[in-house]
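This report concerns only the one structure given below.
The values are calculated or read from the model by the stated rules, or taken from the named source; none is laboratory data. Keep in mind it's a predicted model, so treat the numbers as computed, not measured. Here Cβ is always computed from backbone atoms with ideal geometry, including for glycine, and neighbour counts include all displayed protein chains.
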Amino acid sequence: MVEAVAGLEGVTVHDLYEAYPDFDIHVGREQALVEIHDVVVFHHPMRWYNCPALLKEWFDLVLTQGWAYGDGAVALVGKRALSAVSTGGSAAAFTPDGASQHVIRDFLLPFEQTAHLCGMTYLEPLVFHGSHRASNADITAHASAFRDRILGLRDSSSEGSG
């Protein structure tokens with residue numbers, strides 16, 4: 001997935017685990033990076049119906065009151081947020097009658113609410129179900145869909161960043 005968008009003009013790929021293997025997040029650098037983009041993509045696997053620990057830490061530290069939300073906070077207003085996630089479970093597992101008993105959007109509500117609180121538009125998520133059992137053809141197709149989605153967001157951006 002990352003390889004499908006790495007190197008695209010106007011697109012920044014930022015791997016938190018590569019940048020912060022010790023979990024010591026540089027808040028100012030992260031805020032500056034978010035500020036220069038119109039679209040923020042949270043790309044991660046679903047782990048126990050949630051995001052990986054470092055991404056949760058990123059939310060807790062970077063999205064500060066007064067910068068991301070609250071009185072006078074305008075840093076994220078008007079930006080768009082996209083959840084691009086992979087699951088081990090099949091699409092059928094993420095139905096009311098499936099093993100998870102909920103649709104995937106229910107598990108992404110904290111992301112959606114965070115975007116709303118920060119004045120962002122939360123976009124329809126891009127989900128890759130059953131990723132650990134996917135064939136090479138399935139992976140290639142999803143990577144292509146991811147690239148197309150990112151290109152569409154980039155190209156519809158008023159400033160061309162994403």
Over region 31-43, the set of residues touching a residue at least 12 places away in the same chain (Cβ under 8 Å) and surrounded by fewer than 17 Cβ atoms within 10 Å (Cβ to Cβ) is LEU33, GLU35, ILE36
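Considering only region 126-139, state which residues are free of Cβ contacts under 8 Å to residues at least 60 places away in the same chain, outside any strand (DSSP E or B) and under 16 Å from ARG47 (Cα atoms).
Within region 126-139, HIS129, GLY130, HIS132, ARG133 meet the criteria.
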Just one listed residue, out of GLY152, GLY160, GLY70, is modelled with pLDDT of 90 or more, closer than 19 Å to ILE36 by Cα and surrounded by fewer than 18 Cβ atoms within 10 Å (Cβ to Cβ), and it is GLY152
LEU109 fails exactly one of (1) under 23 Å from PRO52 (Cα atoms); (2) in contact with a strand residue (DSSP E or B) (Cβ under 9 Å, 6 or more places away or on another chain), namely (2)
All conditions in (1) modelled with pLDDT under 95; (2) under 24 Å from VAL5 (Cβ atoms) are true of SER90 except (2)
Among the residues of region 43-93, the number that are assigned to a helix (DSSP H, G or I), out of contact with any Phe, Trp or Tyr (no Cβ under 9 Å at 6 or more places or on another chain) and either of a type in the set (Lys, Arg) or under 21 Å from HIS142 (Cβ atoms) (or both) is 4
### Message
Checking the structure you have, find out if any residue of region 1-12 is surrounded by 14 or more Cβ atoms within 10 Å (Cβ to Cβ), at pLDDT 95 or above and either touching a Gly at 6+ places or on another chain (Cβ under 6 Å) or outside any helix (DSSP H, G or I) (or both).
### Response
no
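Looking at region 46-67, which of its residues are of a type in the set (S, T, N, Q) and either at pLDDT 95 or above or in contact with a Cys (Cβ under 9 Å, 6 or more places away or on another chain) (or both)? Walk me through it before giving the result.
Applying the first criterion (of a type in the set (S, T, N, Q)) to region 46-67 yields 50, 64-65.
Listed by number, the residues that qualify are THR64, GLN65.
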- Based on what the data block shows, is GLY119 closer than 19 Å to ALA32 by Cα, in a loop (DSSP other than H, G, I, E, B) and modelled with pLDDT under 95? no
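Among GLY78, GLY89, GLY28, GLY72, which is within 20 Å of ARG149 (Cβ to Cβ), without any contact (Cβ under 8 Å) to a residue 60 or more places away in the chain and small (Gly, Ala, Ser)? Steps first, please.
Working: GLY89 fails: within 20 Å of ARG149 (Cβ to Cβ); GLY28 fails: within 20 Å of ARG149 (Cβ to Cβ); GLY72 fails: within 20 Å of ARG149 (Cβ to Cβ).
Unique residue meeting the criteria: GLY78.
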Of the candidates THR95, THR87, THR64, the one satisfying the condition of being hydroxyl-bearing (Ser, Thr, Tyr) and either surrounded by 15 or more Cβ atoms within 10 Å (Cβ to Cβ) or touching a His at 6+ places or on another chain (Cβ under 7 Å) (or both) is THR87
